[in-house]
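Only the coordinates and a few stated rules stand behind these numbers; no lab work does. Nothing here was measured: the structure is a model prediction, and the numbers come from that model. Reconstructed Cβ throughout: ideal geometry from the backbone, glycine too, with neighbour counts over all protein chains shown.
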């Protein structure tokens, strides 16, 4: 039974469906209207588009014959034709990306538009929701966004590019304001008028702000006043822009984005954890060996590393997994993980910034346009190393609820339990009045045994910590 | 491009930077606009805030084109001064490649 993708309904030219498949699990098939079929057929014969697909900048796409079973089932929904896209391993949203990922996505968007313009095509929108990740490589997935560039039509996606890519990046780079919470609450981005309120006083002279925040904000204000004054809205149909000025603007924007960087004044709580953890060398090596042994035995398709930090264990897991989704709440740690994975060629790690006590909810129309993190795909294996005590103490989640949540992942688990006599736990609770009485080794084991089978265990730091391999208990 | 054309282009770019774009494009502001009455609020709800997009993109595109041209002539000048350097086209393609590599 095919299911329509919750986020692909806005463009009337087509819709994406997930079609179950015996061999690959599921196929991603897009139904197209008659006019969209003609446009996509033309697009796919263009050398620039072939080159973008072969470089991996645009998702691999192929036309389907009407007698293909997947195409037939989609065309039964009323579409004139169908194309198939290569499936993306794990969907992510821009409010889960660290700074460097949004920056790379912005550069890809500009590069695609530049290539398209030079070949007589245009991208009709510019939103990071059209970009997904194959490991650390951004891939553009919304093929119907490419439309013929008719007679010098001006770039209508400029404002959207600024609101969803450039302004969030500038807020973080220039002012140190994290863009993730802003994009999570406003998926349409931060418009120039709103951004102008952040860039007051001398801040308005920071690089790119006068031209891409202050000037557009002022123009939009004036235009709104003018049009509300005479009640007429000016048509944009006859407005033209030369190829030269558009390419020059894209070049300027690419220079601006490439020059933006985010270097916090000091290190964050966790970005230096891999050098400053509390283990001795021997214990740390034993922990790595325990993780590697059990992951290599399972060879999971999808592995989640929850509380991944700078990715020491994500990289070990990546050697034996098809895809590793590495999640941590510390932006600096995740940004380091992304840059290191990108530079070292680890192409199967997707790093995400997320507070696990407040994970991404369902967003957009009826809460299904952008799926909640825990509703996208279940992992085959999850790593949960030295995380439970943080969620218990810092987020005040009772131990039984934590174990219930781990069971809900429906995956094999590798858990590290940090005992009450561990110096890191004592440090965490030293200024707390509560005693966290339910957080004991005995109670933890009791809760675990209700829902899991303990397949293997190993003590670390003379019994202060325990490594556990857990299989979900079907009777739970 | 001849030397006189280059000077003219530079002059235009300086003017473009100093003349208020809204004035240059003939906007007179919003004199006499009523305060936040229900009618105005209703009208505002129907106005696309991106309606200014064409003007913004045109002005920024023009300024970028001037900068782009100036950079390209600057690289030719450098080549002339230091002799034996690369051609402007080579410099341009190197810059583009550099940007792409820094991107991904």
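Taking 0.36 nm per residue of sequence separation and removing the Cα-Cα distance, the residue A:430/residue A:357 pair yields an extension gain of 24.2 nm. Sorted from longest to shortest, the spans of the Cα atoms of the range A:273-342 along the three principal axes equal 31, 28, 18 Å.
What percent of all Cα-Cα pairs in chain A falls in each 20 Å bin, counting up from 0? It works out to 21, 50, 25, 3, in whole percents.
According to the Cα gyration tensor, what semi-axes, each the square root of 5 times an eigenvalue, does the equivalent ellipsoid of the range A:157-197 have, listed from largest to smallest in whole Å?
Listed largest to smallest, the semi-axes of the range A:157-197 are 14, 11, 9 Å.
Taking label positions 7 Å along the Cα-Cβ direction at both residue A:298 and residue A:76, the computed distance is 3.7 nm, reported to one decimal.
The antiparallel fraction among DSSP beta bridges confined to chain A stands at about 70%.
Rounded to a whole number, what is D in µm²/s for the range A:113-161 from Stokes-Einstein with the Kirkwood radius over alpha-carbon pairs (20 °C, 1.002 mPa s)? Let's see the in-between values first.
Details: Rh = 11.5 Å.
Diffusion coefficient, whole number: 186 µm²/s.
Taking chain A as the reference, fit the longest principal axis to its C-alpha atoms, fit the long axis of helix A:243-259 to the helix C-alpha atoms, and give the angle between the two in degrees, 0 to 90, nearest 10. Once rounded, the angle reads 20 degrees. From the Kirkwood radius over Cα pairs of the range A:331-396, Stokes-Einstein at 20 °C and 1.002 mPa s returns a whole-number translational diffusion coefficient of 150 µm²/s.
First check a/c for the range A:408-465, with a ≥ b ≥ c the square roots of the eigenvalues of its C-alpha gyration tensor; if it is under 1.5, answer rounded, and if not, answer prolate when a/b is larger than b/c or oblate otherwise.
Prolate shape, in that a/c is at least 1.5 and a/b is the bigger ratio.
Expected output is a single nm value to one decimal: the length gained when fully extending between residue A:279 and residue A:365, i.e. 0.36 nm times separation in residues minus the C-alpha distance. What is it?
Values: separation 86, 0.36 × 86 = 30.96 nm, distance 4.68 nm.
Length gained between residue A:279 and residue A:365: 26.3 nm.
The convex hull of the Cα atoms of the range A:432-476, projected and averaged over all directions, covers 4.0 nm².
Can you tell me how much longer the chain between residue A:244 and residue A:319 gets when fully stretched, taken as 0.36 nm per residue apart minus their C-alpha distance, in nm with one decimal? Intermediate results must be reported in sequence, preceding the final value.
Numbers: separation 75, 0.36 × 75 = 27.00 nm, distance 4.66 nm.
Additional length available on full extension: 22.3 nm.
Size descriptors for the range A:90-173, from the alpha-carbon set: Rg then Dmax equal 12.8, 38 Å. For residue A:24 and residue A:453, the FRET efficiency from 1/(1 + (r/R0)^6), where r spans their Cβ atoms and R0 equals 25 Å, is about 0.20. The relative contact order of chain A comes to 11 percent, based on Cα pairs under 8 Å that sit 6 or more residues apart.
Relative contact order, percent, of the range A:21-97 when contacts are C-alpha pairs under 8 Å separated by at least 6 residues?
On the way: 82 pairs, mean separation 33.2, N = 77.
So the answer I get is 43 percent.
Over 23 Å apart: what share of the alpha carbon pairs of the range A:374-476 falls there, rounded to a whole percent? Cα-Cα pairs of the range A:374-476 separated by over 23 Å account for 24 percent.
Residue exposure proxy: A:338, A:198, ordered by other Cβ atoms within 10 angstrom of their Cβ from fewest to most, comes out as A:198, A:338. Over the range A:71-131, one equal point on each Cα, no solvent: what is log10 I(q)/I(0) by the Debye formula at q = 0.14, 0.21 Å⁻¹? Calculated log10 I(q)/I(0) at the listed q: -0.63, -0.95. What would the Debye equation give as log₁₀ I(q)/I(0) for the range A:128-218 at q = 0.13 Å⁻¹, counting only Cα atoms as equal point scatterers? Relative scattering, expressed as log10 I(q)/I(0), comes to -0.52. Computed on the range A:50-149, with alpha-carbon pairs under 8 angstrom and 6+ residues apart, the relative contact order is 28 percent. Convex hull volume of the C-alpha atoms in the range A:23-146, normalised per residue: 115 Å³. Taking a ≥ b ≥ c as the square roots of the Cα gyration tensor eigenvalues, with a/c under 1.5 meaning rounded and otherwise prolate when a/b beats b/c, else oblate, which class fits the range A:25-68? It is oblate, given that a/c is not under 1.5 and a/b is not larger than b/c.
Taking a quarter of the surface of the Cα convex hull of the range A:283-437, what do you get in nm²? Walk me through the numbers on the way to the answer.
Values: hull surface 41.4 nm².
It is 10.4 nm².
For residue B:77 and residue A:202, the FRET efficiency from 1/(1 + (r/R0)^6), where r spans their Cβ atoms and R0 equals 41 Å, is about 0.75.
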